[in-house]
Structures are given as C-alpha cells and as structure tokens.
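**Student:** Structure below; questions to follow.
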Amino acid sequence: MRPDILTRAWVALIVLSGLSAVAAGLINRGVDIRVTGTAVLLLALIKARIILAHYLGLAAAPSWRRGFNLSLTLFCILLLGLYLIPAF
Amino acid sequence: MTDPVPDPAPHPLLDELPGDLMIWVLIISELLVFGAGFAAFLSVRLTDPAGFAEAQTHLHRTGAALNTIVLITSGYLAAQALTLRRAARRGAARLALVAAAALGAVFLVIKGIEYADKAAQGITYDTHPFFMFYYLLTGFHAAHVIAGILLLLLVAWRDAPENIETGAAFWHMVDLVWVLLFPVIYLLA
C-alpha cells in the first residue's frame, strides 16, 4: 500500500534532517563553508516548504503557497548572504 | 419589513487559505519576529565570526538534531489527528494529539538538559553575544512549545475539527520555526 502524503512528507523531512547533519559535519572535514552553508540553508528551505505545503495544508492554496515560498526563498538568500560575507 | 442583510463580499484569495484566517495572521507575525531574530544574529556575527564559531562548539548538535526529529514527528501526529478527526475517528485523533503533546514535552526535556549543561559550564546569556541570541531565540521558541503543548491538549479535549485544525496549525508554526532556527544557531559555524 502506498503511504499517504503526510507520511511521505514526514519521511522526506527525516531524510532531509539527516542530510543537514551530514552537510554540517563536512565543515569539520575542511569542506568550504560556502558549499556547506549553502547546502544547510537549502535543505532547511526545502524542509520549510514541505511543512508549509503538507503539514499546514498550503498545497491546497497555490497562491499562498507561491507567496510563502518566494518570501522564504528570499529570506534564506538574505541569511546565506549574511553568513558568507566573512568568507569573502 | 427590513431589507435582508447582504452577504459579505467574497474574498477568493482569503477563502483559499486552509483553516482560520487569524491563525495565519499569528503564523506570519511569529515568522516575522523569529526571522528578524535570525537576521540580527547573523548580522552581529559579522563583528566576530571567530568568536561565534568558538561559542557554537559548546552547543549540543546531537541533542538539537534529535529534537528536530522529535518535533517533525510530533507535527506529523498533529497533522494526522486532523485527518483522523475528519474521518470521524475521534478516539484515534485524540490519541494522536496527546502523543504529539507528549513529544513536545520530550523536546522540552532535551532542551532542559542542554540548558543545564550550559549552566554547569558557567555559560550565561552575557558570556558572549552568541549566547545572548542563543538563549533569546531558543528560549522564546521553547515558550511557544509550552503554549503549543497546552493548545494540543485543549483541542484534544474540545475536539471539533476546526479546533484541531487551529491547534495543529500553531504547532506546525512551532515546527517551521525550529526547522529554520536549528541550522542558523547550531549548524552554520
């Protein structure tokens, strides 16, 4: 039986959380923080979009979903910029 | 004879939103407050990136990662509760809400252990600006977790589908904030 959309969202969130931990761990292995920082924030953005779409139900409200996604994406770009300024 | 009161003008965009409009006003307000906090944190970090990186080594990443799993799972149970209630499975919905609240309590226990460890190391809010933001943002979030637990238990008791939808939406907002707080405070060294 195919799992329902909520269960698939939960599994995706767990997997993405694991990937975030792996990406953050790469900092200690000498990987450039511009790469790891981008990966960590990108994964956080994807997780936030899943929560909005499936936990909060915005999948059924496409206009609002687009608005939230755009705002969150711009906000994460701002955070990434602030994080990376000392690296340049 | 008085004229009938006309129906209010329809608002297709607002009607599209799931659940009560006011919970969305609250969610957007909270996201703006926490968002300003994260941006302020990373802005102050610009003045002392090395100090912020050193301070971050005192945090428990494993505990915080565990708390991410706990909150994500708790959010899943709260979302399932609404589906179950709409399917008229009231008992199962209530059980899911109580389980979600219990996981919220687990989150607070792990957070409490983390705070106790900081206290044992002599770390307070004025040890370094990093810790001022750490206590401010995680403490404010923990206060929302406490409010969310009470709300989940309240809607488990008064279990109309609309109530569950509102309580679960608040809980998902708490979840959403943590998903952004965790990388900013714990992972971005």
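The values are calculated or read from the model by the stated rules, or taken from the named source; none is laboratory data. None of the values given here were measured: they were computed from a predicted structure. All Cβ positions, glycine included, derive from the backbone under ideal geometry; neighbour counts span all protein chains shown. Side chains are part of the model used for accessible areas, which takes the heavy atoms of the whole protein and leaves out ligands, DNA and RNA. Shrake-Rupley method; radii C 1.70, N 1.55, O 1.52, S 1.80 Å.
**Student:** Can you name the residue in the range B:157-169 that is surrounded by 22 or more Cβ atoms within 10 Å (Cβ to Cβ) and more than 10 Å from chain A (Cβ to nearest Cβ) and is also farthest from A:Leu43 (Cα to Cα) among such residues?
**Tutor:** Going through the qualifying residues, I end up with B:Ile164.
**Student:** Can you say whether A:Ile27 is surrounded by fewer than 19 Cβ atoms within 10 Å (Cβ to Cβ), closer than 21 Å to B:Ile185 by Cβ and either within 7 Å of chain B (Cβ to nearest Cβ) or in contact with a strand residue (DSSP E or B) (Cβ under 9 Å, 6 or more places away or on another chain) (or both), as far as the supplied structure shows?
**Tutor:** Criteria met by A:Ile27.
**Student:** Are any residues in the range A:68-88 facing chain B (nearest Cβ under 10 Å) and surrounded by fewer than 18 Cβ atoms within 10 Å (Cβ to Cβ), and if so, which ones? Show your work before the answer.
**Tutor:** Just the residues of the range A:68-88 that are facing chain B (nearest Cβ under 10 Å), to begin with: A:68, A:71-72, A:75-76, A:78-87.
Within the range A:68-88, A:Ser71, A:Leu78, A:Gly81, A:Leu84, A:Ile85, A:Pro86, A:Ala87 meet the criteria.
**Student:** In the range B:65-76, how many are within 10 Å of chain A (Cβ to nearest Cβ), open to solvent by less than 40 Å² (accessible area, probe 1.4 Å) and aliphatic (A, V, I, L, M)?
**Tutor:** Of the residues in that region, 3 qualify.
**Student:** Determine if the range A:42-55 includes at least one residue that is facing another protein chain (nearest Cβ under 7 Å) and either more than 30 Å from B:Leu14 (Cβ to Cβ) or without any contact (Cβ under 8 Å) to a residue 12 or more places away in the chain (or both).
**Tutor:** No, the range A:42-55 contains no residue that is facing another protein chain (nearest Cβ under 7 Å) and either more than 30 Å from B:Leu14 (Cβ to Cβ) or without any contact (Cβ under 8 Å) to a residue 12 or more places away in the chain (or both).
**Student:** Shifting gears a bit: May I ask you to say which residue of A:Leu74, A:Leu79 is within 14 Å of B:Val184 (Cβ to Cβ) and of a type in the set (A, V, I, L, M)?
**Tutor:** Of the residues listed, the single one that is within 14 Å of B:Val184 (Cβ to Cβ) and of a type in the set (A, V, I, L, M) is A:Leu79.
**Student:** Something else now. Considering the range B:158-187 alone, what residues qualify as being over 30 Å from A:Leu26 (Cα atoms), in contact (Cβ under 8 Å) with a residue 12 or more places away in the chain and part of a helix (DSSP H, G or I)?
**Tutor:** Hits for the range B:158-187 are B:Pro161, B:Glu162, B:Ile164, B:Glu165, B:Thr166, B:Gly167, B:Ala168, B:Ala169, B:Phe170, B:Trp171.
**Student:** Checking the conditions here, which among B:Ala120, B:Ala105 is open to solvent by less than 50 Å² (accessible area, probe 1.4 Å) and either over 23 Å from A:Ser20 (Cβ atoms) or of a type in the set (Ser, Thr, Tyr) (or both)?
**Tutor:** Unique residue meeting the criteria: B:Ala105.
**Student:** Which residue out of B:Arg85, B:Arg90 is under 14 Å from B:Ala168 (Cα atoms), touching a residue at least 12 places away in the same chain (Cβ under 8 Å) and either basic (Lys, Arg) or open to solvent by less than 40 Å² (accessible area, probe 1.4 Å) (or both)?
**Tutor:** Just a single option satisfies the conditions, and that option is B:Arg85.
**Student:** Still on this structure, please answer the following. Using the structure shown, decide if B:Ala143 is touching a helix residue (DSSP H, G or I) at 6+ places or on another chain (Cβ under 8 Å), part of a helix (DSSP H, G or I) and either touching a residue at least 60 places away in the same chain (Cβ under 8 Å) or exposed (fewer than 14 other Cβ atoms within 10 Å of the Cβ) (or both).
**Tutor:** It is false that B:Ala143 is touching a helix residue (DSSP H, G or I) at 6+ places or on another chain (Cβ under 8 Å), part of a helix (DSSP H, G or I) and either touching a residue at least 60 places away in the same chain (Cβ under 8 Å) or exposed (fewer than 14 other Cβ atoms within 10 Å of the Cβ) (or both).
**Student:** Here is a follow-up. Kindly list the number of the only condition in (1) more than 28 Å from B:Ala79 (Cα to Cα); (2) loosely packed, with under 14 Cβ neighbours inside 10 Å; (3) at pLDDT 95 or above that fails for B:Asp126.
**Tutor:** For B:Asp126, the exception is condition (3).
**Student:** Can you list the helices (runs of 4 or more DSSP H) found entirely within the range B:10-70 that contain at least 1 residues being farther than 27 Å from A:Ala53 by Cα?
**Tutor:** Qualifying helices (runs of 4 or more DSSP H): B:21-45, B:49-56.
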